[in-house]
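Beneath this line is the structure, given in C-alpha cells, with notes to follow.
The values are calculated or read from the model by the stated rules, or taken from the named source; none is laboratory data. Bear in mind that the values here come from a model prediction, so they are computed numbers and not experimental data. Neighbour counts run over all protein chains shown; Cβ positions are idealised from the backbone, glycine included.
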C-alpha cells in the first residue's frame, strides 16, 4: 500500500509539472492552431535563468526564501520575454502561411535555442540547488511524499485556479476565448489579435518557467537538452486531454504522470518514455480529439 | 530616419536584456565565482542594432531594388541545361579520383541525405503527410543489415532489398493507425513512433545490443571480393550515387504517374480527392511505404559505410535535418532537395571553424528560410495546361 501511495504521489508530482508545460501548448494551439515546438526550450531556459539567478544571489548572500522567490520571478520574466520574442520572430510572419511552415520554423527555433544555451553555458549536466526547504513536520511521511512534491502540488494547484479565473472572468481572458473561437470575427469586434497572441505566449512561457524551476529543484540537475523530452511529453498530455482545452491539459497531464509512474514502478523502468509515447499513439488512434476535446466535423 | 534609429536602439536593448542571464553571466557554483562576459552582450546589441537598420533600409528601398534586379529568365538558361547536367555528371563520376577518401566519405553522406530527402519528399512533399519519425525507417534498414549479417552472415546485396522491404512494412504498420489523423497530430504520432523505435533499440539489449551498438559490419563486396578500405570507400560512393540516380528517376516517374497525381490531389484537398474516387487508404499507405523503403535502402548503405551503428545515430535531430532539407529545398522539387542536401551536409564540413555553431546556424536557417522563402530554394512549379495564346500575331 505504501509503495502504491508513493507511486501515486510521484505520478501526481510528475503530472503537475507536465500540466504546467502542457497549458502553454494547449493555449497556443487553441488560439493559433500551432504546435509550439520551442515550448520545451522555453521551459529549459526558465530553469537555466533560475539556476543563474539563484547562484548569483547565493554568492551575494541573500537568504534562502528570498533566493527561491527572486530566482523564480527571474525565470518567469525571462522565459516570458523569450516566448514573446520567439513568437514575434518565428511565428508571426508565418501566420497566414501553409500549415507546415510555422511548424518547421518552430522546430528550427527549438534547435537554435538548445544550441544557444549549449554554447553560452555548458554541454554538461549542472547541479541545481535545492531551492525548496525541507519541512520538518513532513518527516513521518517522507517515504510517501517529500516537501518538494508538496510544494509542486500546491503551486500547480494555485496556478491552475488563477489561470482558470483569468480566462473565465477577466476582459483579456474573454478576448482570448473570442480569438480562439474565431480570429477574424474577434478582429472585427475590435480585439487586438496580435496582442492576445503575444499575451498567450507570455503566459504560457511563464507557466513553463514555473514548471522548470520546480522540477529542476526537485531533480537537482539540468542541462540544455531537458526541454525536448519534457516538451514532447507535455504535448502528449495536452493531446491526451484534448488539445485546446485547459481542464483537458490538466487531466491529461495527471493521467500521463500516473501512467509513467505506475508503469515504471510495476513493469519496468527501462521503457519509461516508451509508455508515454505508446499512450499517445493509442489515444490518437482511438480518440483523436482527446478525452475532453470536442470533435470537429470537417466541412466542405 | 530618426524613428528607425530609435527602433533599432530599442531592439538592441531588448536583445541585450534577453540574453543577459544566459549569454553574459556564467556562474561556477562550486568555486563560487562569477564570470561577467560583457563583450558577448555588446556583440548581441551591436548585431541586433545593425540588422534592424538593414531590415528597415530594405523595407524602405525595396521598390527601387527590385526594379534594378536583372531579368535572368530572358537569357535562356534552359539552353545550357543539357551542358550543365553533363558537367555535373562528369564531376560526380571523376570525384573519387580527384579527392581524398575523407572528402569522398563526406560526399557519400551528403548523397545519402539527398536520397533520404527524396524519399521523405514523397511523404511530405507529394502526399502532404508530415512525418517527423522518418529516421525510424532509416534505423530499420541499418539494423536489419547489421543483425542479419551478425546472426546469419547475410551479405550486403542480400540485405539491401530486405532492408527496403522491411522498412516499407514498418511504414505500412505505422500508416494504418494514423490514416485518420490530420496533419499536426500525424506529425506528433510519427515523432512518437520514431522515438519508440530508438528507445527499444537502446533498451532491448538481447535484440539490438543496446547503446553500445553493433560493430564490424562488412563493407559492400564486389561479387564476393573484399576490397581494401580506400577502394571500398570509393565503391560505396558509386553505389550511393547510383542509388541517388535511381531515386531521382523513380521519384520523377512516380510523380507523373497515376499514384503520384493521387498523392498531390490528396495533399491539396482530402475531401475533394475522395469525392473524385481516389482510394484514400491505399494512396496514403503507398506514400508511407514507398517513402520508408528509400530510408531502409539508405539505412543498409549507411551501416555498410560506417561499419558501426548504434541508436545514437537515429535521434529526432536526424529526422529534423532530413525534414529541413526537404522543406528548404522546396517541397516536391527534386532538384531543390538535392541542392539543399549538398549545401546542408557539405557546408558545415568545410566550414570547420564554425563546427561548434553548426546546429545553431542550422536552426537559424530553418527559421529564416521559412520566414523569408517559404517555398524553398526551388519552388515547386505546379503542372498546368497552357492555353495557346490567342490573337497575338500568330494565326
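Points worth noting:
- Filtering region B:303-344 to residues that are outside any helix (DSSP H, G or I), touching a helix residue (DSSP H, G or I) at 6+ places or on another chain (Cβ under 7 Å) and within 20 Å of residue B:122 (Cβ to Cβ) leaves B:330, B:331, B:332.
- Taken over region A:96-109, the criterion of being touching a residue at least 12 places away in the same chain (Cβ under 8 Å) and more than 7 Å from every other protein chain (Cβ to nearest Cβ) is satisfied by A:102, A:106.
- Number of residues in region B:9-32 that are in a helix (DSSP H, G or I), more than 7 Å from chain A (Cβ to nearest Cβ) and touching a residue at least 12 places away in the same chain (Cβ under 8 Å) equals 9.
- Any hit, region A:130-147, residues being within 14 Å of chain B (Cβ to nearest Cβ), touching a helix residue (DSSP H, G or I) at 6+ places or on another chain (Cβ under 8 Å), surrounded by 11 or more Cβ atoms within 10 Å (Cβ to Cβ) and farther than 18 Å from residue A:76 by Cβ: yes
- Any hit, region B:345-352, residues being within 18 Å of residue B:109 (Cβ to Cβ), within 14 Å of chain A (Cβ to nearest Cβ) and in a helix (DSSP H, G or I): yes
- Considering residues of region B:177-210 that are at pLDDT 80 or above and outside any helix (DSSP H, G or I) only, the residue surrounded by the most Cβ atoms within 10 Å (Cβ to Cβ): B:209
- Any chance residue A:291 is more than 10 Å from chain B (Cβ to nearest Cβ), within 26 Å of residue A:145 (Cα to Cα) and either touching a residue at least 24 places away in the same chain (Cβ under 8 Å) or surrounded by 17 or more Cβ atoms within 10 Å (Cβ to Cβ) (or both): no
- Among (1) more than 7 Å from every other protein chain (Cβ to nearest Cβ); (2) surrounded by 14 or more Cβ atoms within 10 Å (Cβ to Cβ), the one test that residue A:124 misses: (2)
Let's see how each residue does on (1) in a helix (DSSP H, G or I); (2) within 25 Å of residue A:255 (Cβ to Cβ); (3) at the interface with chain B (Cβ under 9 Å from one of its Cβ atoms):
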| residue | (1), (2), (3) |
| --- | --- |
| A:9 | yes, yes, no |
| A:22 | yes, yes, no |
| A:29 | yes, yes, yes |
| A:37 | no, yes, no |
| A:44 | yes, yes, no |
| A:93 | yes, no, yes |
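- Candidate set from region A:111-121 (those that are within 7 Å of chain B (Cβ to nearest Cβ) and out of contact with any strand residue (DSSP E or B) (no Cβ under 7 Å at 6 or more places or on another chain)); member that is surrounded by the most Cβ atoms within 10 Å (Cβ to Cβ): A:111
- Residues located in region B:18-33, provided they are exposed (fewer than 15 other Cβ atoms within 10 Å of the Cβ) and in contact with a helix residue (DSSP H, G or I) (Cβ under 7 Å, 6 or more places away or on another chain): B:32
- Restricting region B:150-161 to residues that are touching a helix residue (DSSP H, G or I) at 6+ places or on another chain (Cβ under 6 Å) and part of a helix (DSSP H, G or I), the residue that is surrounded by the fewest Cβ atoms within 10 Å (Cβ to Cβ): B:156
- The residue that is modelled with the highest pLDDT, counting only those in region B:232-242 that are touching a helix residue (DSSP H, G or I) at 6+ places or on another chain (Cβ under 6 Å) and under 14 Å from residue B:160 (Cβ atoms), is B:240.
- Test: residue A:155 is over 19 Å from residue A:194 (Cβ atoms) and either modelled with pLDDT under 85 or in a helix (DSSP H, G or I) (or both): yes
- Counted residues, region A:228-244 - those being more than 10 Å from chain B (Cβ to nearest Cβ) and not in a helix (DSSP H, G or I): 2
- Residue in region B:320-332 that is surrounded by the most Cβ atoms within 10 Å (Cβ to Cβ), counting only those that are within 10 Å of another protein chain (Cβ to nearest Cβ) and within 8 Å of the chain's Cα centre (by Cα): B:327
- Selection status of residue A:102, modelled with pLDDT under 80 and either closer than 28 Å to residue A:250 by Cα or in a helix (DSSP H, G or I) (or both): no
- For region B:211-231, a residue qualifies if it is part of a helix (DSSP H, G or I) and modelled with pLDDT of 80 or more, and the qualifying residues are B:211, B:212.
- Residue check for residue A:250: more than 9 Å from chain B (Cβ to nearest Cβ), at pLDDT 80 or above and either over 22 Å from the mean Cα position of the chain (by Cα) or buried (at least 16 other Cβ atoms within 10 Å of the Cβ) (or both): yes
- Of all residues in region A:208-227, those that are surrounded by fewer than 22 Cβ atoms within 10 Å (Cβ to Cβ) and within 14 Å of another protein chain (Cβ to nearest Cβ) total 4.
- Filtered by the rule that a residue be outside any helix (DSSP H, G or I), more than 8 Å from chain A (Cβ to nearest Cβ) and over 15 Å from residue B:321 (Cα atoms), region B:362-377 gives B:373, B:375, B:377.
- Listed conditions (1) crowded, with 23+ Cβ neighbours inside 10 Å; (2) facing chain B (nearest Cβ under 10 Å); (3) in a loop (DSSP other than H, G, I, E, B) are all met by residue A:52, apart from (3).
- Single unsatisfied condition, residue B:286 versus (1) at pLDDT below 80; (2) over 30 Å from residue B:232 (Cβ atoms); (3) away from chain A (no Cβ under 14 Å): (1)
- Residue B:48 more than 8 Å from chain A (Cβ to nearest Cβ), exposed (fewer than 14 other Cβ atoms within 10 Å of the Cβ) and more than 21 Å from residue A:59 (Cα to Cα): no
- Residues that are surrounded by 18 or more Cβ atoms within 10 Å (Cβ to Cβ) and under 20 Å from the mean Cα position of the chain (by Cα) were ranked within region A:55-76; the one that is modelled with the lowest pLDDT is A:68.
- For region B:94-149, taking the residues that are assigned to a loop (DSSP other than H, G, I, E, B) and in contact with a helix residue (DSSP H, G or I) (Cβ under 7 Å, 6 or more places away or on another chain), the one that is surrounded by the most Cβ atoms within 10 Å (Cβ to Cβ) is identified as B:131.
- Among the residues here, residue A:81 does not qualify as part of a helix (DSSP H, G or I), at pLDDT 85 or above and more than 7 Å from chain B (Cβ to nearest Cβ).
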